[in-house]
1. Roughly what would the spin-label model give for PHE7 and ASP60, points 7 Å off Cα along C-beta, in nm?
2. Quick one: TYR6, TYR102, TYR58, fewest Cβ neighbours within 10 Å first, how do they rank?
3. Taking the beta-carbon count within 10 Å as an exposure proxy, list THR80, THR121 from fewest neighbours to most.
4. If each residue of separation counts as 0.36 nm, what is the full-extension length gain between ASP100 and TYR15 once their alpha-carbon separation is subtracted?
5. Rounded, prolate or oblate for region 54-156? Axes are the square roots of the Cα gyration tensor eigenvalues, ordered a ≥ b ≥ c, and the cut-off for rounded is a/c under 1.5.
6. I need the phi-derived Karplus couplings for region 46-57: 6.51 cos²θ - 1.76 cosθ + 1.60, θ = phi - 60°, integer Hz, Gly and Pro marked x.
7. Express the relative contact order of region 1-160 as a whole percentage, based on alpha carbon pairs under 8 Å and six or more residues apart in sequence.
8. Length gain on complete extension for the stretch HIS122 to SER108, per 0.36 nm per residue less the alpha carbon to alpha carbon distance?
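Just so you know, all these numbers are worked out from the coordinates, no wet-lab data involved. Everything quoted here is computed from the prediction, not taken from an experiment. A quick note on method: Cβ atoms are made from the backbone with ideal geometry, for glycine too, and the neighbour counts reach across all protein chains shown.
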Amino acid sequence: MSIKEYFVSIFKGFYSLIKGMEVTGKELVTPKVTEQYPENRAELHIPERFRATLEFIYDDNGYHKCIACGSCERNCPNQTISITKRMVDLPDGKKKMKLDKYMYDLGSCTFCGLCVQVCPTHAIKFSNDFEQAVFTREKLIKQLNYLPEKDDAPAPAPAAKPAAPAAAKPAAPVADKPAADATKQEPKENKE
């Protein structure tokens, strides 16, 4: 190694040191943005497209739209979803497939979204609830088809049943329509 190469390598070393110190100096004076995670849950922003855990979409009465077709179970790449279904006889004599249990293993889910995409009735979706840490793997297996508890269910649901007689009021104008139809028929009978 010549003296010229020696001084060039020393110069390159100093240049590299100065570049590194420049990056460190910039970070030293920039304002710090530290997430205080457990304390800032109220203002924590989770993107809407974040896939956290699978859940059923329930309507106001507490029912889901799953028809137990099994397309989500067939399209799951690692058998995260397990569906148990049963045949039910309808009052008109036909048979219909009913969902018995919809089991979801969060521990083996890859969050690919294939189950949500292939659902023909749009009965399932991914939620934004990212806090799914548990101490045992058994707690990661969830049954998704459940009706809300009576205490948690909307209170108007039982109140809506007594509202059915109030629905009889529209029946009264319907009764007026046949009377109007009878008056329409009378002139026809007079014409004959």
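1. With each label point 7 Å from Cα toward Cβ, the separation is 8.7 nm.
2. TYR6, TYR58, TYR102
3. Least to most surrounded, the residues fall as THR121, THR80.
4. Answer, rounded to one decimal: 23.6 nm.
5. oblate
6. Listing the rounded values in order: 10, x, 5, 7, 5, 9, 9, 8, 7, 8, 7, 9 Hz.
7. The normalised contact order for region 1-160 reaches 26 percent.
8. Residue separation times 0.36 nm, minus the Cα-Cα distance, leaves 2.8 nm.
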